[in-house]
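The values are calculated or read from the model by the stated rules, or taken from the named source; none is laboratory data. Everything numeric in this text was worked out from a predicted model, so none of it was measured. Methodologically, a virtual Cβ is constructed for each residue, glycine included, from the backbone with ideal geometry; neighbour enumeration extends over all protein chains shown.
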Amino acid sequence: MRMGDGRVALTREGYNKKLEELEYLKGPKRREIARALSEARAQGDLSENAEYDAAKEEQAMNEKRIADLEDVLSRANIIDSSTLSGDEARLGMTVKLKDLESGEEFSYMLVSEEESDFDADKISVSSPVGRAIVGHKVGDRIEIEVPAGTLSYEVRDISPE
């Protein structure tokens, strides 16, 4: 989630995860790419060397990702969910929902776009479902229009991370 002043809201976990990725890309990954480039150069003619071209492309993608991570981390505003009260769904909170059709219960953590990971049950507050959940309280019923139809949920619990 980009804030009005250009800052990026991240949970502490999200910030640390991005920092770990940056350290890996700047250390072990750069060394791995440098070895691949060195080995490809040793094979001779670089104009027809697919291994060299692949290593150069990987190097460019790695450097781009490093720049992107450094940019996000430099503008990070860390949201400390432990200081938030659990009365309203918002960034950094975990919201337990009940599907009113199936009766199934599940939880989503509301995070910024930079941290969203649907497989880990982390949804962006700017996604259609995330936007619909934000601002609701325990007991609220939510109707969410999605391409597949209408989702009907009840907010069962709200808690920090």
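Considering only the range 16-40, how many residues are modelled with pLDDT of 95 or more and not charged (D, E, K, R)?
Of the residues in that region, 8 qualify.
From the list Ile79, Ile66, exactly one residue is closer than 30 Å to Lys137 by Cβ, of a type outside the set (Lys, Arg) and surrounded by 15 or more Cβ atoms within 10 Å (Cβ to Cβ). Which is it? It would help to see each step written out before you state the result.
Details: Ile66 fails: closer than 30 Å to Lys137 by Cβ.
Exactly one residue qualifies, and that residue is Ile79.
How about the range 100-112: which of its residues are exposed (fewer than 15 other Cβ atoms within 10 Å of the Cβ) and either closer than 30 Å to Asp68 by Cβ or among the β-branched types (Val, Ile, Thr) (or both)? Outline the logic, then answer.
First pass over the range 100-112, keeping only residues exposed (fewer than 15 other Cβ atoms within 10 Å of the Cβ): 100-107.
Matches in the range 100-112: Ser107 only.
Within the range 142-151, does at least one residue satisfy the condition of being over 30 Å from Ala36 (Cβ atoms) and either crowded, with 19+ Cβ neighbours inside 10 Å or among the aromatic types (Phe, Trp, Tyr) (or both)?
Checking the range 142-151: not a single residue is over 30 Å from Ala36 (Cβ atoms) and either crowded, with 19+ Cβ neighbours inside 10 Å or among the aromatic types (Phe, Trp, Tyr) (or both).
Of everything in the range 120-136, what is in a strand (DSSP E or B) and touching a helix residue (DSSP H, G or I) at 6+ places or on another chain (Cβ under 8 Å)? Give them in sequence order. Walk me through it before giving the result.
Within the range 120-136, the subset in a strand (DSSP E or B) is 122-124.
Scanning the range 120-136 gives Ile123, Ser124.
How about the range 137-154: which of its residues are among the aliphatic types (A, V, I, L, M), assigned to a loop (DSSP other than H, G, I, E, B) and touching a strand residue (DSSP E or B) at 6+ places or on another chain (Cβ under 8 Å)? Walk me through it before giving the result.
First pass over the range 137-154, keeping only residues among the aliphatic types (A, V, I, L, M): 138, 142, 144, 146, 148, 151.
Checking which are assigned to a loop (DSSP other than H, G, I, E, B) leaves us with 138, 148.
If the condition is that a residue be among the aliphatic types (A, V, I, L, M), assigned to a loop (DSSP other than H, G, I, E, B) and touching a strand residue (DSSP E or B) at 6+ places or on another chain (Cβ under 8 Å), then Val138 is the only one that fits.
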